[in-house]
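**Q** What follows is a structure written as structure tokens; I'll ask about it next.
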Amino acid sequence: MTHTARKNKIRTKPSEKVFTVVNYIILISINIICLYPMLFVAFASFSNSNLLMQHSGLLIKPLGFNLEAYKRVFANPMIGQGYLNTLFILVVGVSLSVITTAIGAYALSRRGVMWNKALNMIIAFTMFFSGGMIPFYLNLQQLHLTGTRWGLIIPFLVSTYNLIILRTSFASIPESLFEAAYIDGAGHMRTLVQIVMPLSKAVLAVMVLYYGVSIWNGWFWASTILRDRSMYPLQVILREILLQNSAGEMATGTATGDTEAIAESIKYATIMVATVPILCVYPFIQKHFEKGVMIGAVKE
């Protein structure tokens with residue numbers, strides 16, 4: 001039996017082994033290149049500020065261990081307020097975006113909808129052409145959406161790209177399921193909620209990830225629309241600390257020579273505080289990511 005198993009074992013050519021090894025080396029190198037910037041920020045945030053200022057070149061481990069930068073970050077009341085504002089925009093924005101995108105995708109995926117092709121072409125057109133930044137801002141102003149957090153939610157409810165992905169997913173569901181639902185007396189809304197959305201959990205998880213990352217990282221329109229600093233989301237606070245020298249204000253109270261050093265560590269700590277939460281969410285959605293994106297990509 002052992003002899004037969006060895007005889008039937010597939011032999012690998014030396015060239016294939018070399019190819020596999022080279023592939024592993026290239027992929028591991030790419031992973032290191034992609035991960036190192038994040039590791040550098042993490043190591044720098046935990047490093048002793050004075051040692052960090054004297055260091056140059058690659059950073060492969062924390063220089064000492066100091067949590068002073070994190071203490072200063074969490075002592076800043078704007079960080080906590082920014083988190084609350086971001087969570088409000090994130091939870092409300094993602095919920096409404098997924099609901100409205102699902103309703104629009106369902107309507108565009110159904111057969112027999114009047115002017116279906118024309119509507120799809122018009123919606124796809126908006127991916128490549130828009131009215132421009134100034135007309136968009138003037139519209140927000142006339143709709144009284146400036147100076148309020150709703151101005152960061154309502155105008156951005158539906159992404160054309162996400163709508164097309166979700167429409168393709170809904171269109172791949174067998175038509176017989178819809179016919180059976182209609183025969184049983186289900187309307188369009190009931191069909192969407194009880195049949196279509198449960199069958200599309202994977203792609204809906206991808207929509208949550210796409211919308212969530214977009215809202216979490218958004219800072220431009222928040223800094224343009226909002227005037228009250230108490231409404232600023234976390235990314236705008238992060239931008240102030242990194243670009244407008246707010247880290248120096250957070251470093252007050254230290255010795256004169258240490259102010260610049262601790263301010264540099266505060267910048268790295270703030271980046272970690274603003275980035276880690278969204279990174280922690282990704283592993284829970286990753287299992288749905290590939291499946292959700294590939295749904296409807298292959299037509300049988």
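The values are calculated or read from the model by the stated rules, or taken from the named source; none is laboratory data. Treat the numbers as computed from the prediction; the structure is a model and nothing was measured. Cβ sites come from the backbone with ideal geometry, for glycine too, and all protein chains shown count toward neighbours. These accessible areas exclude ligands, DNA and RNA; they are computed on the full protein's heavy atoms, side chains included. Shrake-Rupley method; radii C 1.70, N 1.55, O 1.52, S 1.80 Å.
**Q** Only one of these is more than 25 Å from Thr270 (Cα to Cα), of a type in the set (A, V, I, L, M) and modelled with pLDDT of 90 or more: Leu138, Leu90, Leu84, Leu152. Name it.
**A** Leu138
**Q** Tell me yes or no: at least one residue of the stretch 13-25 is closer than 30 Å to Glu264 by Cβ, assigned to a helix (DSSP H, G or I), within 42 Å of the chain's Cα centre (by Cα) and modelled with pLDDT of 75 or more. Reasoning before the result, please.
**A** Step one: filter the stretch 13-25 for residues closer than 30 Å to Glu264 by Cβ, giving none.
For the stretch 13-25, residues closer than 30 Å to Glu264 by Cβ, assigned to a helix (DSSP H, G or I), within 42 Å of the chain's Cα centre (by Cα) and modelled with pLDDT of 75 or more: absent.
**Q** Next question. Looking at (1) open to solvent by 80 Å² or more (accessible area, probe 1.4 Å); (2) touching a Phe, Trp or Tyr at 6+ places or on another chain (Cβ under 9 Å); (3) over 30 Å from Leu226 (Cα atoms); (4) modelled with pLDDT under 85, which one does Ser130 not meet, given that it meets all the others?
**A** Of the numbered conditions (1) open to solvent by 80 Å² or more (accessible area, probe 1.4 Å); (2) touching a Phe, Trp or Tyr at 6+ places or on another chain (Cβ under 9 Å); (3) over 30 Å from Leu226 (Cα atoms); (4) modelled with pLDDT under 85, the odd one out for Ser130 is (3).
**Q** Being more than 21 Å from Ser214 (Cβ to Cβ) and polar (S, T, N, Q) is the filter; apply it to the stretch 74-120 and report the residue that is most open to solvent (accessible area, probe 1.4 Å).
**A** In this case the residue turns out to be Gln81.
**Q** Among the residues of the stretch 260-270, is any at pLDDT 70 or above and of a type in the set (Asp, Glu)? Can you show your working first?
**A** Going residue by residue through the stretch 260-270, those that are at pLDDT 70 or above are 262-270.
Those left that are additionally of a type in the set (Asp, Glu): 264.
Yes, that holds for at least one residue.
**Q** While we're looking at this one, here's another question. Would you tally the residues in the stretch 39-52 being at pLDDT 85 or above and open to solvent by 60 Å² or more (accessible area, probe 1.4 Å)?
**A** Here the count works out to 2.
**Q** If a residue must be without any contact (Cβ under 8 Å) to a residue 60 or more places away in the chain and among the aromatic types (Phe, Trp, Tyr), how many such residues does the stretch 81-131 contain?
**A** Of the residues in that region, 4 qualify.
**Q** Ok, one more. State which residue pairs qualify: first residue over 13 Å from Lys61 (Cα atoms) and inside the stretch 27-49, second residue of a type in the set (Val, Ile, Thr) in any location, beta carbons under 8 Å apart, and separation of 6 or more residues or different chains.
**A** Pairs that qualify, where the first residue is over 13 Å from Lys61 (Cα atoms) and the partner is of a type in the set (Val, Ile, Thr), are Ser49/Ile262.
**Q** Of everything in the stretch 36-79, what is small (Gly, Ala, Ser) and either over 13 Å from Ile271 (Cβ atoms) or not in a helix (DSSP H, G or I) (or both)? Give them in sequence order.
**A** Correct list: Ser47, Ser49, Ser56, Gly57, Gly64, Ala75.
**Q** Then there is this: Just one of Ala180, Ala222, Ala186, Ala205 is in a helix (DSSP H, G or I) and free of Cβ contacts under 8 Å to residues at least 60 places away in the same chain; which is it?
**A** Ala180
**Q** Step by step: first the residues of the stretch 148-176, then only those that are open to solvent by 70 Å² or more (accessible area, probe 1.4 Å) and free of Cβ contacts under 8 Å to residues at least 60 places away in the same chain, then the one that is nearest to Ser214 (Cα to Cα). Which residue is that?
**A** Tyr161
**Q** Report, by residue number, each residue of the stretch 132-147 that is in a helix (DSSP H, G or I) and without any contact (Cβ under 8 Å) to a residue 40 or more places away in the chain.
**A** Met133, Ile134, Pro135, Phe136, Leu138, Asn139, Gln141, Gln142
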